[in-house]
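Okay, so here's the structure we're looking at.
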Amino acid sequence: MAEPLPILVLQMQRMGDLILSFPLFLWLSRTMPGHPVWVVAEEQFFSQLIPLSPAVGYFPWTAAAARELARRRYSLVVNLSHRPEAADLAGAVVAERKIGPVRENGATYVRGDWQLYRSSLVAANRHNRFHWADLNALDLVPRAEMAATAWPAPRTLGPGNGRVGLFVGASEEAKRPGSWFWSSLCKELLRRDLRPVLLGGPKEKFFAHEIAQMAGGRVLNLAGKLTLSQFAAAGHTLQLLVTPDTGPMHLAAWTGLKTMSISMGPINSWETGPYQPGHYVLRSKASCVGCWRCERPSPVCRRNYQPKRIAMAIRQLIRGNAKALAKVDIPSLDLYRTGRGEHGLYRLERVTQPERESARNLLGRVWHRVFGEFLGLWGPELADAAFAALAVEQPNLAGRFALAAARLGRDLRAAAKGQTLPQDFWAAGPPLMRPARSYCLTLLQNEDYAPPARLRCLALVERLAGLGR
């Protein structure tokens, strides 16, 4: 009897992307038992993560490894990378099924409805409410299996331990607070008998030293001194990790260290927040938050992170005082807790409830439920209810939404006649309609403007026009 063919996953992005693929590795092992899972990734990341990763086989991304892997036959190939080399490899191998970008016969096509939706989010993701880890799996794993997965709650240490880790680095400067914030937060934590520990990679050594000096030198500075495995081990001695949206944040959440994400810069916490339930996210209330790339002279989402108020929230969080935590007012910021919705998918649950739901959240819920319905996760009643709530709370916005949907229908007439759309079609309408405009453009391009793709776009417009009726 022939051995089961392996599954090949291509994840050649950053460390955080690799860690957010760990749930998929688990689900593939459960839903396709007996098929070994092989993962192509950057060796600088997976070499240190192997002891913490699900049991998969790792291969480095090298030309020699790619040639060797291309000689094998696979049951499934999943390309989670946007690098052209990954699409080339996905196209070169022989597999019973392929998901994600695949380059064959000189052209690249995205396979899988949810991977295509994910591709459409580039530069148009502000209203997306699907997490990357869920999007990795929705084409492959039954939603019931995803919903049934019980993730361990973050650990809680004894009351005498007041160590709070502060990971001060990020891949981009815009995604992390400056030295004044970190040093002030250290001082505020010390005033509350908490012990800050500075953490970071080799690139943050000077930055962390500056923070320690500004804080008065009374903090433990471990930046640049720990490997990833040592960082994970050190997490067992911490009550909490306060961190920007980074790879180490995802590692902390995966290993059970409770995290508070300082979400700023071109970050959408619905996409890349800590995935396991029970973690926290501090997010600006600015209407433009969650963008792909900031278009303002100075990002407003980086303002008003007040160390004193945040230290108050940290103290109550460590104490486990949910009522007191909900009463901590941090002006211009929202505090969320990660959890799961009624359908088992990732959700940010607001800790402090406002008097009125924001227009941004109402609109995001509409788009979440529209695409969930359109791609087969649930029926029409959820999208209708979400739009009805938008119409009650924000009637003018609901009216603009309907007008923008009608304009999208008119603008798609060229595609209905077989003409191609301009590359900036996604940005031609108001921002509130960009999810649909970007999705339609991506779908049409991916299907070479074939009639079924054109009909699919028109079906989406018809559904948008019929919301709430």
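The values are calculated or read from the model by the stated rules, or taken from the named source; none is laboratory data. Bear in mind that the values here come from a model prediction, so they are computed numbers and not experimental data. When we count neighbours, we look across all protein chains shown, and the Cβ atoms used for this are built from the backbone with ideal geometry, even at glycine. Note: accessible area is taken over every heavy atom of the protein model, side chains too, but ligands, DNA and RNA are not part of it. Shrake-Rupley method; radii C 1.70, N 1.55, O 1.52, S 1.80 Å.
Numerical summary
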item	result
Within the accessible area of region 203-273 (1.4 Å probe), percent carbon and sulfur	57 percent
Label corresponding to log10 I(q)/I(0) by the Debye sum over Cα atoms at q = 0.07 Å⁻¹ when calculated from the structure given, among (1) -0.34; (2) -0.38; (3) -0.44	(2)
Carbon + sulfur, % of accessible area of region 35-102 - ligands and nucleic acids excluded, 1.4 Å	54 percent
Percent accessible area from carbon and sulfur atoms, region 378-440, protein chains only, probe 1.4 Å	57 percent
Prolate/oblate/rounded label for region 109-189 (Cα gyration tensor, a/c 1.5)	oblate
Cβ-derived FRET efficiency at R0 35 Å, Ala2 paired with Ala64, nearest 0.05	0.85
Set of lysines near Lys308 by C-alpha distance (under 24 Å), chain-local residues within fewer than 8 positions excluded	Lys175, Lys187, Lys258, Lys285, Lys323, Lys327
Length-normalised contact order of region 423-462 in % [C-alpha pairs under 8 Å, at least 6 apart]	29 percent
Positive-end extreme of charge dipole, the chain - chosen from Ala286, Gly169, Trp38 (charges on Cβ)	Ala286
Residue-averaged 222 nm ellipticity for the chain, from DSSP H runs of 4+ at -39500 (n - 2.57), nearest 500	-12000 deg cm²/dmol
Most to least packed among 204-211, 268-275, 427-434 [average Cβ atoms within 10 Å]	268-275, 204-211, 427-434
DSSP beta bridges in the chain [antiparallel fraction, %, rounded to 5]	30 percent
Accessible solvent surface per residue of the chain, calculated while the other protein chains remain in place, 1.4 angstrom probe, Å²	43 Å²
Cβ crowding within 10 Å averaged over residues, with 345-353, 245-253 ranked highest first	245-253, 345-353
Backbone N under 17 Å from the Arg293 label point (7 Å along Cα→Cβ), restricted to region 147-178	172-175
Cα gyration tensor, region 1-89 - rounded (a/c under 1.5), prolate or oblate	oblate
Calculated FRET value between Asn304 and Ala326, using beta carbons and R₀ = 22 Å, to 0.05	0.70
Cβ-Cβ FRET estimate between Arg469 and Gln213, R0 fixed at 56 Å, reported to 0.05	0.35
